[in-house]
1. Checking the condition touching a residue at least 40 places away in the same chain (Cβ under 8 Å), farther than 24 Å from residue 210 by Cα and either crowded, with 19+ Cβ neighbours inside 10 Å or out of contact with any helix residue (DSSP H, G or I) (no Cβ under 6 Å at 6 or more places or on another chain) (or both), which residue from 86, 109, 37 passes?
2. In the stretch 115-233, which strands (runs of 3 or more DSSP E) lie fully inside it and hold 2 or more residues that are within 14 Å of the chain's Cα centre (by Cα) and surrounded by 14 or more Cβ atoms within 10 Å (Cβ to Cβ)?
3. Could you go through the stretch 79-87 and let me know if any residue there is in a helix (DSSP H, G or I) and more than 20 Å from the chain's Cα centre (by Cα).
4. Check whether at least one residue in the stretch 198-212 is on the phi > 0 side of the Ramachandran plot and touching a residue at least 24 places away in the same chain (Cβ under 8 Å), and report yes or no.
5. Out of contact with any helix residue (DSSP H, G or I) (no Cβ under 7 Å at 6 or more places or on another chain), crowded, with 22+ Cβ neighbours inside 10 Å and either assigned to a loop (DSSP other than H, G, I, E, B) or in contact (Cβ under 8 Å) with a residue 24 or more places away in the chain (or both), is that true of residue 44?
6. Can you tell me how many residues within the stretch 89-106 are touching a helix residue (DSSP H, G or I) at 6+ places or on another chain (Cβ under 9 Å) and either touching a residue at least 12 places away in the same chain (Cβ under 8 Å) or within 19 Å of residue 148 (Cα to Cα) (or both)?
7. Check residue 177 against each of (1) closer than 24 Å to residue 80 by Cβ; (2) out of contact with any strand residue (DSSP E or B) (no Cβ under 8 Å at 6 or more places or on another chain); (3) touching a residue at least 40 places away in the same chain (Cβ under 8 Å) and name the one condition it does not meet.
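The values are calculated or read from the model by the stated rules, or taken from the named source; none is laboratory data. This structure is a prediction, so every number in the text was calculated from the model and none was measured. Methodologically, a virtual Cβ is constructed for each residue, glycine included, from the backbone with ideal geometry; neighbour enumeration extends over all protein chains shown.
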């Protein structure tokens, strides 16, 4: 079943069952780049089959941050460059197995069985400075943000489609949640940076695409938390 949901010209999302995580596909000229392949190898394999079925060849994968629901399926993408913030690669190296064990305690039997068997694959192309990746004739800009939602977040700009893919720096399905490795001050700085640099349409890590009004909502959320008791959950 085709699960592509168009976002803009050449940009589609594919919603994974786990926490409605958005895998995003940027495609042009028979080439495709996947942002956040998702949770389980079987999920990523279905996505990859759909990409190939519509005539595109996978040329790369981007990981926005080192959380299992965004990157544990990386091994199923095989043989292409996998881009991520250096701190995200290190976080996955040090804490990937811990994440697996935590999720196993919550997963159903089928998901748990696949989680136990998968190899936790690390991205192989660190992005410490902004870099442009070519997909067909489209420029895709990878921008490392640093410590915010996690120890190392990365956003993806597609100027030709007027789209920015934010990972969990922006959510519309829930309030923002700071990971143990994250930082509220860094997240506020990232939101400010996105307000000035992001494209008009944002694709969040979870939930429907949105505009910059969600940046203002998240900023107010964190500002209130800091002004109150400092806890963000």
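1. Matching residue, one of 86, 109, 37: 86.
2. It comes to 138-146, 153-158, 163-167, 201-204.
3. Just the residues of the stretch 79-87 that are in a helix (DSSP H, G or I), to begin with: 86-87.
Subsequent filtering for residues that are more than 20 Å from the chain's Cα centre (by Cα) retains none.
No - not one qualifying residue is present in the stretch 79-87.
4. Looking for residues that are on the phi > 0 side of the Ramachandran plot and touching a residue at least 24 places away in the same chain (Cβ under 8 Å), one finds at least one in the stretch 198-212, hence yes.
5. no
6. Adding up the residues that qualify gives 6.
7. (1)
So that you can scan it fast, the table gives a plain yes or no per residue for (1) in contact with a helix residue (DSSP H, G or I) (Cβ under 7 Å, 6 or more places away or on another chain); (2) closer than 19 Å to residue 119 by Cβ:
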residue: 25; (1), (2): yes, no
residue: 28; (1), (2): no, no
residue: 63; (1), (2): yes, yes
residue: 82; (1), (2): yes, yes
